[in-house]
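Read the figures in this text as sums done on the coordinates, not as results from a lab. In this text, all values refer to a predicted model and were calculated from it rather than measured experimentally. Cβ placement follows ideal geometry from the backbone for every residue including glycine, while neighbour counts extend to all protein chains displayed.
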Amino acid sequence: MIIAIGSDHAGFELKEDIKQYLIELGHQVIDYGTNSSEMIDYPDIVFRLAEDVVQEKAERGIVCCGTGVGVAIAANKVPGIRAANCHDTFSARSSREHNDANILTLGGRVIGKGLAREIIKVWLESQFLGGRHQRRLNKVKEYENR
C-alpha cells in the first residue's frame, strides 16, 4: 500500500518512527515532512498530503501533531477526506469499518510509539463494512458537494 505521512514539529519524532514501521511492514511511504523538530505550521503539510490522498497518489495518509486534533481539523477541510484522530485500537478499527477513514491522525505528545504502532496496524488491516455506513457517508458527500 502507498501511504502518505506527515507531521508538524510536535509530531516529527513519532512520524519518523511510523515511517520506519511502515517500511518494515512492506508499505511504500511518501513523506511530506516536516524534516526536523523546528516549528512549522501543520496546514502547510496537511493540505498537500490530503489533496494527494483524494487524488489517489497515496491510498491512505497518516499525520501527526502534538495531539492529532489540529491535523485532523485541517485534513477534514479537504473535500473527500475522512480523517480520524485515534488514540486507541477500537477507534482505529471503527474509523475504518464505519467511516472509511482515509487519513489517521495521531498525537505525538499523547501516545507512545508502541501504541501508535498497534493503532496503525489495526487501522491498516481494517476494511470498510459498507451497508448502513455507506448510506451515512453518502450524506456527508452530498453535503460536501453543496
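A few points about this structure:
- Positive-end extreme of charge dipole, the chain - chosen from 40, 5, 50 (charges on Cβ): 50
- Note on residue 97 and residue 1: their simple-model spin labels are 1.6 nm apart, each label 7 Å out from Cα toward Cβ.
- Here Rg and Dmax of the Cα atoms in Å was calculated from the structure, and among [x] 13.9, 41; [y] 19.9, 67; [z] 14.1, 44 it sits at label [z].
- Dipole of the chain, positive direction: furthest Cα of 14, 134, 81, with charges on the beta-carbon: 134
- Violating pairs (Cα-Cα greater than 31 angstrom) within the set 113/141; 121/141; 57/113: 113/141
- Charge dipole magnitude, Cβ of K and R +1, D and E -1 - the stretch 2-144, Cα centre, debye nearest 20: 620
- 3J(HN,Hα) from dihedral phi, the stretch 6-20, Karplus parametrisation 6.51/-1.76/1.60, rounded to Hz, x for glycine, proline: x, 6, 9, 4, 6, x, 4, 4, 5, 4, 5, 5, 4, 4, 4
- Estimated vicinal HN-Hα couplings, Hz - the stretch 101-113 in sequence order (Karplus 6.51, -1.76, 1.60; Gly, Pro = x): 4, 10, 9, 9, 10, 9, x, x, 9, 10, 10, x, 5
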